[in-house]
Amino acid sequence: MFNKSLPEIQPQILAVKLTNKGERSVKSRHPWLFSDSVEKINKEGNAGDISIIFNRTTNKPMGVGLYDPDSPIRIKMLHFGGGAKLDEAYFSNKIDAAFKLRSDLLDTNTNSYRLLFGENDGFPGLIADVYASVLVVKIYNEIWFPFIHMIFPKLLEISGCDTLVLRLSRGLQTNKARLVDGEVLYGVLKSEVVQFIEHGVKFSAHVIKGHKTGYFLDHRENRRRVGRLSKGKTMLDVFSYAGGFSIHALAKGATEVTSLDISAQALEVAKDNGRLNKHKGKHFTIAGDAFDELERLIKEGKQYDVVVIDPPSFAKSKREIVVAKKKYAQLARLGAQLVAKKGLLVLASCSSRITADEFFQINTETLKASGRYFEFKDKTFHDTDHPIGFPEGAYLKCGYYTFS
């Protein structure tokens, strides 16, 4: 029984004809249809109206999406290859398919994962994360309000969670459905800070006021790997946020770890996460701008056996791409000076507008210019609970570089 009645909004059915460009997009199974691809609609649409795409020539259904009158991406596609009835059975099958993709991860000592990854799982603008027994759903788009009464019960059932927390993007803070960011829609939330396990390491998520749904799950496998590689070593975690890499390193036997982030509040969370785990290493924190602090550490002659640099997205729009590339090069240059002999440098990017090839090329060219001999040991991408369903969905890339 939900703690409040979920919205009961009856969506309209829209008949949509596209331009040739739009039809090519649907045939390629891309989830976004921009406004300039829409040629004709039989009536004025509202957010969440079911949009049936009809072929220009045959007049047969090509796919089904949800209409969004307030976005340049006018239709978010859900189904391709004909028509579909968007009922409980439809959404249940899609959620079952998403859960199945996570089965290998759930066989590990991990009880936190992304159950729905937006467009990549066929739910554009909707994220569902599990932290132990708490399900946190973040909605970025009003198009989902007519359907959550069908989706939420299934998510609770398949995840086995006994609490559901709703998070809303800033643009949805005021909405006609009277949904509130941070409200507990199902069950009881004993604490805003929810403890969970990631490959045997304990963490916490601030599910009401934390970034996104409370934590960043996408680097899970990289964190585990860095933890293992940090045993008996010193480690620097740059843009550490809640200390994901730091805590794995401490838990796996690092002798000394330094977490660096601009947010003093995030560093307090990192300290708390460190205290959740048994370790003998020392945990230092530095609050400040990463670029400035790295320069300072270099001047002081500091070096670390393992350096991880995982910045936030530098290119959220096209116009930021050039500057973003310069920032990635700058971080690679600074990182190379902070890695000790026989050390490891881990460079990551979550900017989808910077391709993996571009990112790794920037790193290689910058590290070559450093004058130090290095080897490009490996590159990694998304963990299994962050599947890639379309080109723009591929944002995470991570490179491992060892130095002589």
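On inspection, Val201 fails the criterion of being of a type in the set (Val, Ile, Thr) and either within 17 Å of the chain's Cα centre (by Cα) or surrounded by fewer than 19 Cβ atoms within 10 Å (Cβ to Cβ) (or both).
Residues that are under 14 Å from Leu155 (Cβ atoms), touching a helix residue (DSSP H, G or I) at 6+ places or on another chain (Cβ under 6 Å) and open to solvent by 10 Å² or more (accessible area, probe 1.4 Å) do not occur anywhere in region 130-138. The residue that is nearest to His248 (Cα to Cα), counting only those in region 173-196 that are open to solvent by less than 50 Å² (accessible area, probe 1.4 Å) and in a strand (DSSP E or B), is Phe196. Within this structure, Ile143 fails the test of being open to solvent by 10 Å² or more (accessible area, probe 1.4 Å) and at pLDDT 95 or above. No other residue among Gly214, Gly288 is farther than 20 Å from Ser349 by Cβ, without any contact (Cβ under 8 Å) to a residue 60 or more places away in the chain and not basic (Lys, Arg) apart from Gly288. Contact map, region 307-319: first residue more than 30 Å from Glu256 (Cα to Cα), second residue buried (at least 19 other Cβ atoms within 10 Å of the Cβ) and hydrophobic (A, V, I, L, M, F, W, C), Cβ cut-off under 8 Å, separation 6 or more or different chains; pairs are Ala315/Ala324; Ala315/Ile354.
Name the one entry in Gly301, Gly281 that is of a type in the set (Gly, Ala, Ser), at pLDDT 95 or above and surrounded by 15 or more Cβ atoms within 10 Å (Cβ to Cβ).
Only one candidate passes the filter, namely Gly281.
Residue-level analysis places Ile73 outside the set of residues that are surrounded by 15 or more Cβ atoms within 10 Å (Cβ to Cβ), of a type outside the set (Ser, Thr, Tyr) and more than 16 Å from Pro124 (Cα to Cα). Among the candidates Ala324, Ala348, Ala332, Ala340, the residue that is open to solvent by 10 Å² or more (accessible area, probe 1.4 Å), outside any loop (DSSP other than H, G, I, E, B) and among the aliphatic types (A, V, I, L, M) is uniquely Ala340.
So which of Ala270, Ala242, Ala254, Ala249 ends up being part of a loop (DSSP other than H, G, I, E, B), open to solvent by less than 10 Å² (accessible area, probe 1.4 Å) and within 15 Å of Phe203 (Cα to Cα)?
Just a single option satisfies the conditions, and that option is Ala242.
Does Ser169 satisfy being surrounded by fewer than 21 Cβ atoms within 10 Å (Cβ to Cβ), among the hydroxyl-bearing types (Ser, Thr, Tyr), on the phi < 0 side of the Ramachandran plot and without any contact (Cβ under 8 Å) to a residue 24 or more places away in the chain? Answer is no for this residue.
Considering region 354-378, and only residues there that are surrounded by fewer than 19 Cβ atoms within 10 Å (Cβ to Cβ) and under 18 Å from the mean Cα position of the chain (by Cα), the residue that is nearest to Leu33 (Cα to Cα) turns out to be Thr355. Figure legend. Inter-residue proximity from region 1-17: first residues charged (D, E, K, R), second residues outside any loop (DSSP other than H, G, I, E, B) and open to solvent by 70 Å² or more (accessible area, probe 1.4 Å), beta-carbon distance below 6 Å, spacing 6+ or different chains. Indicated pairs: Lys17/Glu39; Lys17/Lys40.
Residues that are over 18 Å from Glu365 (Cα atoms) and assigned to a helix (DSSP H, G or I) were ranked within region 305-321; the one that is most open to solvent (accessible area, probe 1.4 Å) is Arg319. Going by what's in this entry, would Glu142 be described as touching a helix residue (DSSP H, G or I) at 6+ places or on another chain (Cβ under 7 Å) and not polar (S, T, N, Q)? Yes.
The values are calculated or read from the model by the stated rules, or taken from the named source; none is laboratory data. Only a predicted model underlies this, so the values are computations on that prediction, with no experimental measurement involved. Neighbour counts are summed over all protein chains in view; Cβ atoms, including those assigned to glycine, are modelled from backbone coordinates with ideal geometry. Heads up: the accessible areas ignore ligands, DNA and RNA and are worked out on the full protein's heavy atoms, side chains in. Shrake-Rupley method; radii C 1.70, N 1.55, O 1.52, S 1.80 Å.
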